[in-house]
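For reference, the structure discussed in these notes is given below.
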């Protein structure tokens, strides 16, 4: 079955980009979830929608405008939070409303929705061009390498910012880098599940793996495994059953979450929280 679909170029590109993006989302998403920034990815996706609409309005490759708008907005809202002491949920609300409003205005000025715009909203992994695939893989690999390189200070920063400061970690600079990486991750994910379902890919595998009560390293590995499995199975099922890949992938992740929730209810997993495990297990 797998060998059959691998004979098609669009399936090869879809599976390759899907696997790389799912790994990126799992790694970045775990830090977002642990910092209680679960909805930050959703807010950034709405900002990305505004960036995509701007690209279509200006007749510029929309991925580039989405990158520029999302990263600059993420950094700007972080700076605003620092200077005005706006709470995290309020900042997310500002991102959600302003990003989507900008997109709606630009779409109306551009005389409505197009097929290309719908592909960004709802995902079109099987229609990914060679150009898009190369860009997504390159950006995703860059995020993965960066996260691995800064993993130790990032773990301290995620669990306890005050303790991180005590250890001499430049928390403010790390915070800006963190939100920039989150913005880049959202842009790389758009083609896989679409703007409207990005938060599911970032959050669901991670809250599922966290419920299993393992250490940080094992939690991340489990999250990556769940995410990659759902993406590969979702793309394969969507091809054979003529379903939307984005919705299939997310529903498989929901099924994994519900299954883990039931298993935990019957005591099949540890009752320890991730915070209670020793972080020294992270290499």
(request) Among the numbered conditions (1) under 26 Å from residue 158 (Cβ atoms); (2) surrounded by 19 or more Cβ atoms within 10 Å (Cβ to Cβ); (3) modelled with pLDDT of 90 or more, tell me where residue 221 comes up short. (result) (2)
(message) Looking at the range 171-207 only, could you name the residues that are in contact with a helix residue (DSSP H, G or I) (Cβ under 8 Å, 6 or more places away or on another chain) and without any contact (Cβ under 8 Å) to a residue 24 or more places away in the chain?
(response) 171
(request) Tell me which of these residue 38 doesn't satisfy, since it passes every other one: (1) part of a helix (DSSP H, G or I); (2) touching a residue at least 12 places away in the same chain (Cβ under 8 Å); (3) surrounded by fewer than 19 Cβ atoms within 10 Å (Cβ to Cβ). (result) (1)
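This table checks each residue for (1) closer than 19 Å to residue 12 by Cβ; (2) under 19 Å from the mean Cα position of the chain (by Cα); (3) assigned to a loop (DSSP other than H, G, I, E, B).
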{"position": "213", "(1), (2), (3)": "no, no, yes"}
{"position": "220", "(1), (2), (3)": "no, yes, no"}
{"position": "225", "(1), (2), (3)": "no, yes, no"}
{"position": "229", "(1), (2), (3)": "yes, yes, no"}
{"position": "232", "(1), (2), (3)": "yes, yes, no"}
{"position": "243", "(1), (2), (3)": "no, no, yes"}
{"position": "247", "(1), (2), (3)": "no, yes, no"}
{"position": "251", "(1), (2), (3)": "no, yes, no"}
(message) Being at pLDDT below 80 and either farther than 29 Å from residue 229 by Cβ or in a helix (DSSP H, G or I) (or both) is true for just one of 96, 15, 54. Which residue is that?
(response) 96
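Please specify each residue of the range 120-178 satisfying the condition of being outside any helix (DSSP H, G or I) and under 23 Å from residue 193 (Cα atoms).
123, 124, 128, 129
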(request) Please indicate, with yes or no, whether at least one residue in the range 74-92 is under 17 Å from the mean Cα position of the chain (by Cα) and at pLDDT below 80. (result) yes
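The values are calculated or read from the model by the stated rules, or taken from the named source; none is laboratory data. Since the model is a prediction, treat every value here as computed from it, not as a measurement. Every residue, glycine among them, receives a Cβ derived from its backbone with ideal geometry; neighbour counts consider all protein chains shown.
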